[in-house]
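Rule-based calculations on the coordinates, nothing more; no lab input. Values in this document were obtained by computation on a predicted structure and should not be read as measured data. As a convention, Cβ positions derive from the backbone with ideal geometry for all residues, glycine included, and neighbour counts pool all protein chains shown.
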Amino acid sequence: MLDTTLSALAEFPSQLEQFYHAFPRELTRWIPDSWEGCPSENLTALEQICHVRDIELEGYHVRFGRLLKETGPVLASLDTYALVKERDYAAAEPSAVFATFRAARRATVEMLRPLSDEQLARAGTFEGYGPVTVRGLIHYLCSHDQQHLAGLQWLMGKAESARPPARFTPA
């Protein structure tokens, strides 16, 4: 199971980039009238990719490092919406975001692949989740990835549904 999850983690940057580039450029900053039913954080397509980049670097890299080095650490959750404002995600350059994210994810997978069963069992507490092991955190990261793919698809669905209907004129 872990090999399958690590492979999914390694493939995610390409999937995320494909999903993002499926958006017409003018919709990458589009905000729906309602976020009801959104499976991820309430973020535009551009904000979603910035969030994933920052959570990788400042969330998961830090969390895995602490679990592997410390005894019983308490792992903080990050305030997504504060980061959106502080870092002006709306002004981000997507190609730079993806380059940074790809490198960060590569480093994550390279750190995780060689871990022993003993290292995978190291434990702490993850704020908002409760007790967590390195192995469990790997699965949470994969789940987080999937939430953002779903969030991008949800946004595209909302955007497509908000467009005026095409007029059908019989031939």
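Summing Lys, Arg as +1 and Asp, Glu as -1, what charge do residues with Cβ under 14 Å from the Cβ of Tyr60 carry, Tyr60 excluded?
On the way: positive: Arg53, Arg63, Arg66, Arg105, Arg106, Arg135; negative: Asp54, Glu56, Glu58, Glu110, Glu127, Asp145.
Result for the neighbourhood of Tyr60: 0.
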- [ ] Just grab the label-to-label distance for Glu41 and Gln119, each label 7 Å out from Cα along the Cβ direction, in nm (one decimal).
- [x] 2.8
Task: Length-normalised contact order for the chain - Cα pairs under 8 Å, 6+ apart - percent - done: 36
Task: Helix-derived mean residue ellipticity, 222 nm - over the chain, DSSP H n ≥ 4, -39500 (n - 2.57), to 500 - done: -18500 deg cm²/dmol
TODO: Would you mind computing, in nm to one decimal, how far apart the modelled labels at Glu26 and Ala162 are, each placed 7 Å from Cα along Cα→Cβ?
DONE: 1.3
TODO: Measure off 7 Å from each Cα along the Cα-to-Cβ vector at Ser14 and Val74, then give the distance between these two points in nanometres to one decimal.
DONE: 4.2
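I need the calculated FRET efficiency for the pair Tyr129 and Thr100, taking r as the beta carbon distance and R₀ as 41 Å, to the nearest 0.05.
On the way: r = 26 Å, r/R0 = 0.62.
Plugging the Cβ-Cβ distance into 1/(1 + (r/R0)^6) gives 0.95.
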Task: Loop-resident sites, the range 77-133, for trypsin sites (Lys or Arg not before Pro), counting at most 15 other Cβ within 10 Å (DSSP) - done: Arg87
- [ ] First select every other residue whose beta carbon is under 12 angstrom from the beta carbon of Lys85; then total the charges, Lys and Arg +1, Asp and Glu -1.
- [x] -3
Open item on the list: What is the sum of charges, Lys and Arg at +1 and Asp and Glu at -1, for the other residues whose Cβ falls under 15 Å from the Cβ of Gln153?
Closed with: -3
- [ ] Of the listed values (1) 65, 35, 32; (2) 69, 33, 29; (3) 47, 36, 32, grab the one calculated as Cα extents along the principal axes in Å from the structure here.
- [x] (2)
Open item on the list: With 10 angstrom as the radius, rank His21, His144 by how many other C-beta atoms surround their C-beta, starting from the fewest.
Closed with: His21, His144
Open item on the list: Out of the GluC sites (Glu not before Pro) in the range 48-143, which ones are loop residues according to DSSP with at most 13 other C-beta atoms within 10 Å?
Closed with: Glu70, Glu127
